[in-house]
1. Quick query: amide H of ILE68 versus all other amide H atoms, modeled in the peptide plane; which residues come in under 5 Å with a sequence gap of 5 or more or a different chain?
2. When the accessible area of segment 86-130 is computed with all protein chains present and a 1.4 Å probe, what percentage of it is carbon and sulfur?
3. Looking at segment 42-96, which trypsin sites (Lys or Arg not before Pro) are DSSP coil and have at most 13 other C-beta atoms within 10 Å of their C-beta?
4. Report, to the nearest 10°, how far helix 87-111 tilts away from the longest principal axis of the Cα atoms in the chain, using its own Cα long axis and a range of 0 to 90°.
5. Note the full-extension length gain between LEU2 and ARG18 as 0.36 nm times their separation in residues minus their Cα-Cα distance, in nm to one decimal.
6. Let me check against my output: what whole-number percent is the relative contact order of the chain, with C-alpha pairs under 8 Å and at least 6 apart?
7. Mind checking the dipole of segment 1-120: about its Cα centre, +1 per Lys or Arg Cβ, -1 per Asp or Glu Cβ, Debye to the nearest 20?
8. Rounded to a whole number, what is D in µm²/s for segment 164-224 from Stokes-Einstein with the Kirkwood radius over alpha-carbon pairs (10 °C, 1.306 mPa s)?
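The values are calculated or read from the model by the stated rules, or taken from the named source; none is laboratory data. The structure presented is a predicted model; accordingly, all values stated were derived computationally and were not measured. A quick note on method: Cβ atoms are made from the backbone with ideal geometry, for glycine too, and the neighbour counts reach across all protein chains shown. Heavy atoms of the whole protein, side chains included, go into the accessibility calculation; ligands, DNA and RNA do not. Shrake-Rupley method; radii C 1.70, N 1.55, O 1.52, S 1.80 Å.
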Amino acid sequence: YLKNITRVLSEQTGVALRKADDLIDSTQNVDGFVEISGALKACAVDLSKMSNDLRLLASGPCTGFCEIVLPARQNGSSIMPGKINPVIPEVVSQAAFIVVGNDTAVTMAAEAGQLELNAFEPVILDRLFESLRVLTGAVGTLTEHCIKGITANSGRCEWNVEHSMAMVTALAPKLGYTLTSDIAHEALTTGETVRQIVLRKGLMTESEADSVLDARRMTSPEEN
């Protein structure tokens, strides 16, 4: 049995299994399952965090960030016509919650083993297989029904950049800290962009402003 079980199981499952180095330890302890469950939980947490980011960046269109547009998959409300919810990122987060819960179950079942026997291995394997199934489905769903269809709301992004106070930082080397600070306060007070104020006051030519306030240059590693 000991000589053949690993080979037979490998052939039946298609997984390259190997016998544990220490059969006594592997009988007494199921920490290997805990490590696998922990890895699945870490993956699930990352996926849920990514989904939260997508929902936040797509929030709007009137009062949210609305920097990206997620594919519309279903009507979002029975009382608000036109409302679209980010249902795919939401379902991925729900899948992540299941995996996190399963990890807790695996952890407690592993801890509950006594001496040379763990009577709770059935629930460990059941929860592990569910986590694998749920996480696999979540990744496929997120990829096919959300990620591949995401588009950038370029107009909103450009507006955000132009109205960002971060733009004023690029002026300091050219105009000095004091004048640059005054420009920032004026932009906040009037609602004008930094570029508009600089041009209106004649502090730079249009070509100079375009060069200094070039957001792509400021955010490109190659340019810095």
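1. It is ALA58, ASN153, by chain and number.
2. On segment 86-130, the fraction of accessible area on carbon and sulfur atoms equals 68 percent.
3. When the trypsin sites (Lys or Arg not before Pro) of segment 42-96 are filtered for loop state and at most 13 Cβ neighbours within 10 Å, LYS83 remain.
4. 40
5. 4.6 nm
6. Relative contact order, the chain: 18 percent.
7. 540
8. The Stokes-Einstein estimate is 135 µm²/s.
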